[in-house]
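Asker: Handing you this structure, nothing more for now.
Readers should treat all values here as calculations from the given coordinates under stated rules, not as data from a laboratory. Fair warning: this is a prediction, and the values are worked out from it, not measured in the lab. Note that each Cβ is placed from the backbone with ideal geometry, even for glycine, and that neighbours are counted across all protein chains shown.
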Amino acid sequence: MRKPARESAFFLLKNVSLQQKFLYYETGMIKIIIKRTKPVPADVGRNDYFNHKRLLRLLSGTLTFKLKYKQMKIAIGNDHAGTGYKFAIIKLLKDLGYQVTNYGTDTADSVDYPDYIHPVADAVENGEADFGIILCGSGNGAAITANKHQGIRAALCWSKELVELARLHNDANILSLPARFISEYQALEYVQTFLNTGFEGGRHQRRVEKIPVNRIEN
């Protein structure tokens, strides 16, 4: 027996976490289009579509959910210390369906990390990539370099909890990994955690907006 449209709507929304929905909405990876039989009230904002309780109260008639998939773009850069992990990360990302642009060095020959980190920061800042992954020996130089860009929030992380908090509270758009201080397994785990965790917004949004130096004061 086919489920009523309202129950189907609840099922679809309930089985996508709020974090995932906000992440997908921001990156354009998944868009949920709702066709309704009566106009949306004027006081309903964009975020109300992600509040399934209010959504169900507003719905009437038949619902059509259409999923549009757009490949998320990831920029990755590294110096000589991160080359090995970089290739493992690229393979993981491609296997998961991400589009990856490699700005890093592909050898173990000594190089200067800023030459390979600035292009990643540029790509994320300009919207050419949704997120960035950067690696160097300690992760410090890479993070410092990326954070010279006003639109970048690069987080140096060496634990899963730090990765989660960087996304949840800081809306980090670049993950910096210390290749000489974590294992390859940890690097892959942190990358997945970073991309699967959404920004909480709320009070954190206000704080994030105060980070850039050249911000426009209201």
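Asker: So, in region 111-145, how many residues would count as being over 20 Å from residue 182 (Cα atoms), of a type in the set (A, V, I, L, M, F, W, C) and surrounded by 18 or more Cβ atoms within 10 Å (Cβ to Cβ)?
Answerer: Final tally of qualifying residues: 6.
Asker: Continuing with this model, one more query. What are the pairs with Cβ atoms under 9 angstrom where one residue, in region 162-181, is over 17 Å from residue 204 (Cβ atoms) and the other, located anywhere, is part of a loop (DSSP other than H, G, I, E, B) and among the hydroxyl-bearing types (Ser, Thr, Tyr)? Sequence gap at least six, or different chains.
Answerer: What qualifies is 178/138; 179/138; 180/138; 181/138.
Asker: Scan region 169-182 and tell me whether some residue there is in contact with a Ser or Thr (Cβ under 8 Å, 6 or more places away or on another chain) and of a type in the set (A, V, I, L, M).
Answerer: No, there is no match, as no residue in region 169-182 is in contact with a Ser or Thr (Cβ under 8 Å, 6 or more places away or on another chain) and of a type in the set (A, V, I, L, M).
Asker: Just one of the numbered conditions (1) touching a residue at least 60 places away in the same chain (Cβ under 8 Å); (2) assigned to a helix (DSSP H, G or I) is not true of residue 143; which one?
Answerer: (1)
Asker: Something else: Could you tell me how many of the residues in region 96-114 are among the acidic types (Asp, Glu) and under 15 Å from residue 187 (Cβ atoms)?
Answerer: 0
Asker: Next question. Would you point out which residue out of 200, 161, 125, 209 is within 21 Å of residue 99 (Cα to Cα) and among the charged types (D, E, K, R)?
Answerer: Unique residue meeting the criteria: 125.
Asker: Take region 146-186 and flag every residue that is part of a helix (DSSP H, G or I) and either crowded, with 23+ Cβ neighbours inside 10 Å or not hydrophobic (A, V, I, L, M, F, W, C) (or both).
Answerer: Within region 146-186, 146, 160, 161, 163, 164, 166, 167, 169, 170, 184, 185, 186 meet the criteria.
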